[in-house]
Each structure stands twice: as C-alpha cells, then as structure tokens.
Amino acid sequence: MQAILVGNQVLVDGGNPALLDHDEALLSILYNAAGNPVLAQMIRALWQKCRAYKIVGAQGSLDASDDDSLWRYQQDLITAARNNNSPAAAAVNEASLLDDSERIKARLADQLPS
C-alpha cells in the first residue's frame, strides 16, 4: 500500500514521467516476484519503446479530474497479487490496457488537424 501512497503523491506533485517511473517500479516488483527474469526484462524493454505513448496516456488521466485510472488499477493489481489470484490480476491488466489504449487513441485523435 505504501507504493500506492507514493504514487498518489507523485500525482499530486504533477509529474507524469515521475509517475510512470513509479508505476514501472511497482510493476517490476510484481513481475520479478513471478520468477521469470526474461519476461520481466522484455516487459521493461517494451515500456521503454512505448514511453511516449504512456506519457500521453498519463497526461490524459491527469487532465481529466474524474479519472482515477492512474492508481485504481495499481490497487486492484496489488489486491489480486496479495490474494494470489492470477485470473483477477490478468483481468486488471487487460482492463488497464484497454482503458489506456482508448485514452491514448482519443488524445492522439484530438491532435490531428481537422
């Protein structure tokens, strides 16, 4: 729960790259706990390749005052991990991915010339 509190403070301080760093650190702990270092390394490489899109998505959440997705999914994922509930963890990851993808697509579409 401490990790979520730190993430919320980063959010309050307004730093979306710092927020992404925090999110990736938290997820790295969970992925490394799974005991598959090759998978964890591949995920980190994908995060780096997608960093610009992740910043766009995080900024979209920050701009929407009623959007709690920057910490809601973390809380749900930690709960699933604590309960050793891999189907719930997978569902949280899928929901987060879909939510983030839609938010990023919408923000990028808004930036296209009319």
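Only a single item in (1) modelled with pLDDT of 90 or more; (2) among the charged types (D, E, K, R); (3) open to solvent by less than 50 Å² (accessible area, probe 1.4 Å) is not met by residue 82, and it is number (3).
Do you know which of the residues in region 92-114 that are at pLDDT 80 or above and open to solvent by 70 Å² or more (accessible area, probe 1.4 Å) is nearest to the chain's Cα centre (by Cα)? That would be 97. Pairs linking a residue in region 88-114 that is in contact (Cβ under 8 Å) with a residue 12 or more places away in the chain and aliphatic (A, V, I, L, M) to a residue that is open to solvent by 60 Å² or more (accessible area, probe 1.4 Å) and assigned to a helix (DSSP H, G or I), with Cβ atoms under 7 Å and 6 or more positions apart or on different chains, are 92/76; 104/53.
Screening 3, 18 for residues that are modelled with pLDDT under 80, part of a helix (DSSP H, G or I), within 15 Å of residue 75 (Cα to Cα) and not charged (D, E, K, R) leaves exactly one candidate, 3.
The values are calculated or read from the model by the stated rules, or taken from the named source; none is laboratory data. Note that the coordinates shown come from a computational prediction; the quantities given were computed from them, not determined experimentally. FYI the Cβ positions are ideal-geometry reconstructions off the backbone, even for glycines, and counts take in every protein chain you see. Just the protein is used for accessible areas: all its heavy atoms, side chains included, with ligands, DNA and RNA removed. Shrake-Rupley method; radii C 1.70, N 1.55, O 1.52, S 1.80 Å.
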